[in-house]
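Beneath this line is the structure, given in structure tokens, with notes to follow.
The values are calculated or read from the model by the stated rules, or taken from the named source; none is laboratory data. Because the structure is predicted, anything quoted here is derived from the model rather than measured. For neighbour counting, all protein chains shown are included, and Cβ atoms are generated from backbone atoms with ideal geometry for every residue, glycine included. Surface areas here come from the heavy atoms of the whole protein model, side chains and all, with no ligands, DNA or RNA. Shrake-Rupley method; radii C 1.70, N 1.55, O 1.52, S 1.80 Å.
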Amino acid sequence: MPLHYVFLVFAVIAETIGTTALQASQQFTRLGPSILVVIGYGLAFYLMALTLRHMPVGIVYAIWSGLGIFFIAVIGWLVFGQKLDLPAVLGLGLIMAGILIIHLFSKTSGH
């Protein structure tokens, strides 16, 4: 796997941790999760910036945000008990399909 994809994967993980901590921070009233939000987002944007050296911003952002949406929805369902109805599951499937199409077929995705 090219290094810029490693940066992108870790950017998604950091953003997912930051967003999960955002929910757990209870509107920044809990110190530990609030600190994790700042660290998670800071690391995510730094790693995304490194990825931008090799890939176009639109492609990076599509993959970063799409995977983030998918992972946060799954974490919300598993950890926070948030419900996903059929349209939500179908929409998440379409997001994942879009990411796969970009990765597998686009010549602009930097692989």
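Summary of values
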| item | result |
| --- | --- |
| Ellipsoid equivalent to the stretch 10-93 - semi-axes via the Cα gyration tensor, in Å | 23, 20, 7 |
| MRE, 222 nm, helices only [DSSP H, n ≥ 4, -39500 (n - 2.57), over the chain, to nearest 500] | -26500 deg cm²/dmol |
| Filtered chymotrypsin sites (Phe, Trp or Tyr not before Pro), the stretch 3-39: DSSP coil and at most 12 other beta carbons within 10 Å | PHE28 |
| Carbon + sulfur, % of accessible area of the chain - ligands and nucleic acids excluded, 1.4 Å | 76 percent |
| Between the stretch 79-111 and the stretch 23-38, the Cα center-to-center distance that results, in Å | 27 Å |
| Degrees, to the nearest 10: 3-24 long Cα axis against longest axis of the chain | 20 degrees |
| Net charge over other residues, Cβ less than 13 angstrom from the Cβ of ALA73 (K, R count +1; D, E count -1) | 0 |
| Per residue value of the accessible surface for the stretch 1-95 (all protein chains in place, 1.4 Å probe), Å² | 60 Å² |
| Of ALA14, ALA97, ALA49, the one that fluctuates the most in a GNM where the chain has Cα springs shorter than 10 Å | ALA97 |
| Residue-wise HN-Hα coupling along the stretch 26-32, computed from phi with Karplus coefficients 6.51, -1.76, 1.60 (Hz; x: Gly, Pro) | 6, 6, 6, 9, 10, 5, x |
| Contour excess over end-to-end distance, with Cα ends at VAL79 and MET1 and 0.36 nm allotted per residue | 25.1 nm |
| Computed FRET value (nearest 0.05) for ALA24 with VAL89, which takes r as the C-beta separation and R₀ as 25 Å | 0.55 |
| In degrees, nearest ten, helix 57-78 long axis to first principal axis of the chain (Cα) | 40 degrees |
